[in-house]
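Chemist: Just dropping this structure here.
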Amino acid sequence: MHAKTYVTVRYAETDRMGVAHHANYPIWFEVGRTDFIKLFGTSYSEMEAEGMMTPLRNLSAHYLLPALYEDKLIIRTWCTNMTAARIEFSYTVKRINPDGTETELCYGSTEHGFVDAKTFRPCNAKKRMPELYDKMNRNIKIFD
């Protein structure tokens with residue numbers, strides 16, 4: 001299972017040449033991650049209300065082609081690994097061409113820890129939110 005998030009590149013996200021700045025991709029990853037969590041009947045804000053946060057531990061992005069002003073993009077997000085202490089996501093960012101085909105622009109991954117919202121100390125997601133943990137853990141995608 002993966003989330004599909006649609007974004008149109010806004011003028012403010014581009015430089016004078018109409019090319020989307022590389023710093024936008026982690027933001028688009030975050031939008032995809034938020035949509036992925038919603039697939040399981042909860043939201044990130046509900047996770048926080050339950051006392052759990054997922055700060056970023058690691059980020060990688062591999063840029064292949066630029067996104068341009070007004071490009072229609074699709075961000076696909078998968079959970080690729082999850083333990084009681086951390087979660088990893090993979091992403092692809094593709095341009096939706098006028099003929100409906102897609103061109104890959106970027107792919108990447110993020111790793112997050114599960115921490116207590118008050119103390120920021122590591123917490124056990126399996127114990128804190130067992131139903132969500134089980135649902136997400138059953139939908140991990142392994143890339144070969």
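Chemist: Go through the range 13-58 and give me each residue that's open to solvent by 70 Å² or more (accessible area, probe 1.4 Å), in a helix (DSSP H, G or I) and at pLDDT 95 or above.
Modeler: Passing the criteria: Ile27, Glu30.
Chemist: What number of residues in the range 1-10 are modelled with pLDDT of 95 or more and not β-branched (Val, Ile, Thr)?
Modeler: Adding up the residues that qualify gives 3.
Chemist: Looking at the range 4-11, can you tell me whether even one residue there is free of Cβ contacts under 8 Å to residues at least 60 places away in the same chain, within 23 Å of Gly113 (Cβ to Cβ) and open to solvent by 40 Å² or more (accessible area, probe 1.4 Å)?
Modeler: No: zero hits.
Chemist: Another one. Looking only at the range 87-139, count every residue that is more than 18 Å from Thr42 (Cβ to Cβ), surrounded by fewer than 17 Cβ atoms within 10 Å (Cβ to Cβ), in contact (Cβ under 8 Å) with a residue 12 or more places away in the chain and charged (D, E, K, R) and tell me the total.
Modeler: 4
Chemist: Still on this structure, please answer the following. Are any of the residues in the range 87-100 within 19 Å of Ala125 (Cβ to Cβ) and in contact with a Gly (Cβ under 7 Å, 6 or more places away or on another chain)?
Modeler: no
The values are calculated or read from the model by the stated rules, or taken from the named source; none is laboratory data. Keep in mind that what you see is a predicted model, and the values were worked out from it rather than measured. Here the Cβ is made from the backbone with ideal geometry for all residues, glycine too, and neighbour counts use every protein chain on show. Calculation scope for accessible area: heavy atoms of the full protein, side chains included, ligands and nucleic acids excluded. Shrake-Rupley method; radii C 1.70, N 1.55, O 1.52, S 1.80 Å.
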